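The values are calculated or read from the model by the stated rules, or taken from the named source; none is laboratory data. Everything numeric here is computed off the predicted structure, so don't read it as measured data. As a convention, Cβ positions derive from the backbone with ideal geometry for all residues, glycine included, and neighbour counts pool all protein chains shown. These accessible areas exclude ligands, DNA and RNA; they are computed on the full protein's heavy atoms, side chains included. Shrake-Rupley method; radii C 1.70, N 1.55, O 1.52, S 1.80 Å.
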Amino acid sequence: MDGGRGESPAHARLMEVRDGSGERRRLSLRQIEVFRAVMISGSINGASQMLGVSQPSLSRVVKRMEDVLSFKLFERTRGRLIPTKEAGTLLTLTGRVYRQLDELGDAVDRMTKGDGGLFRLGCTGSPGRCVVPRTVAAMRTALPELDFQVDVLLIDQIIDYLLFQRGECVVSIFPVRHPLVQSTSVGKGRLVALVPKSHPLAARKLLSVDELARETLISFEAETPHGAVVAQLFASNRLSPRIGVVIRHIETAISLVANEVGIALVDEFSVANLWNMPISVVPIKNSAPLKIYLSTNKDIVHSQFFKRFEKLLLNSLSQRTVPWESRL
């Protein structure tokens, strides 16, 4: 509080006496604070030191309170303030107000820390394997009291998930096309080849499309974003891939490669950590870039938890390392 400023217009409005049969006399939080300080310290001078406000300013506040209440709070005897009986009663009531304010402060603190809160988000399979778990782990460290629900979604589930507000956002490797959905690119990667460690190509630093065209491949359905990128990669080189196994989920691709079924073409976001599996990750020459997107409902106001998640997601993607970097 600034010394000598008196009460703000907002506080003054709170004190106004209401006319009519239901007349009420209201005190502002500023007045309650000043009154309590005077009662605790026993003098205007003591209250001035407690609050860091000039004595004349506090005297005006006390005088205004007495005008509003229409009864005296203090008797002035030989330069001393003697509380009236009414002042004692009022002090008890203001104690309740301060306890409620403390409870409010505690509730806000719990909300800030996520205590009792739930942050629900969705993701598709690829970012749901490494990118999203890493971001949730970082957020969990910062907000240990916050609960999470992570929903792994199919492509045709995303729009309803956002529009019906089942979750606050979705992370995917493709933009969501809908007038009520905002999709923002938050990272960029590329297509890579997952090669069984026993395969002759596993030690290569880079693979060409010509080399991949001679291998039996594991790839996603043609109508999926992954499948479309693979088809475009081979078409741009006037080649056709030999797809031996068609899959829908990234975990299936990884397991098939680990069991030496073939070479899988996947996005790098899904293989940021292979946990010592017998697989080599090899970049593909001239592979088109792949983006990762964060999608939200345009019509909702985002929570503080979404903003924290977005920041941590961007940070995670900017600092990520990929398994093949040590070999390049």
(request) Treating only the Cβ atoms of Lys and Arg (+1) and Asp and Glu (-1) as charged, compute the dipole magnitude of segment 173-328 about its Cα centre; round to the nearest 20 debye. (result) 420 debye
(request) Can you find, among Gln149, Ala138, Leu206, the residue farthest towards the positive end of the dipole of segment 132-248? Put +1 on the C-beta of Lys and Arg, -1 on that of Asp and Glu. (result) Leu206
(request) Return the calculated 222 nm mean residue ellipticity for the chain, to the nearest 500 deg cm²/dmol, obtained by summing -39500 (n - 2.57) across DSSP H runs with n ≥ 4 and dividing by the residue count. (result) -13000 deg cm²/dmol
(request) Report, in debye and to the nearest 20, how large the dipole of the chain comes out about its Cα centre when Lys and Arg carry +1 and Asp and Glu carry -1 on their Cβ. (result) 1020 debye
(message) Counting pairwise Cα distances across segment 56-198, what percent come out greater than 22 angstrom?
(response) 65 percent
(request) At 20 °C and 1.002 mPa s, grab the translational diffusion coefficient of segment 123-233 from Stokes-Einstein with a Kirkwood Rh over Cα pairs, rounded to a whole number in µm² per second. (result) 128 µm²/s
(request) Taking amide H positions as placed in the peptide plane 1.01 Å from N, state which residues far from Ile292 in sequence (5 or more) or on other chains have amide H under 5 Å from it. (result) Val186, Gly187, Lys188, Gly189
(request) Counting only heavy atoms of the protein chains, get the accessible area per residue of the chain (1.4 Å probe) and round it to a whole Å² value. (result) 54 Å²
(request) Determine the shape class of segment 176-230: with a ≥ b ≥ c the square roots of the Cα gyration tensor eigenvalues, call it rounded for a/c under 1.5, and otherwise prolate if a/b is greater than b/c, oblate otherwise. (result) prolate
(request) Rounded, prolate or oblate: pick one for segment 195-277, where a ≥ b ≥ c are the square roots of the eigenvalues of its C-alpha gyration tensor, a/c under 1.5 means rounded, and failing that, prolate if a/b is larger than b/c, else oblate. (result) oblate
(request) For Lys85, list the lysines whose Cα falls under 22 Å from its own Cα; do not include residues on the same chain fewer than 8 positions away. (result) Lys63, Lys72
(request) Please compute P(r) over all alpha-carbon pairs of segment 258-306, binned at 5 Å starting from zero, and give each bin as a whole-number percent. (result) 4, 12, 19, 18, 10, 12, 9, 9, 6, 1
(request) State the volume of the convex hull built on the alpha-carbon positions of segment 181-328, expressed per residue in Å³ and rounded to an integer. (result) 121 Å³
(request) For the chain, state the semi-axes of the equivalent ellipsoid (square roots of 5 times the eigenvalues of the alpha-carbon gyration tensor), sorted largest first and rounded to whole angstrom. (result) 69, 20, 15
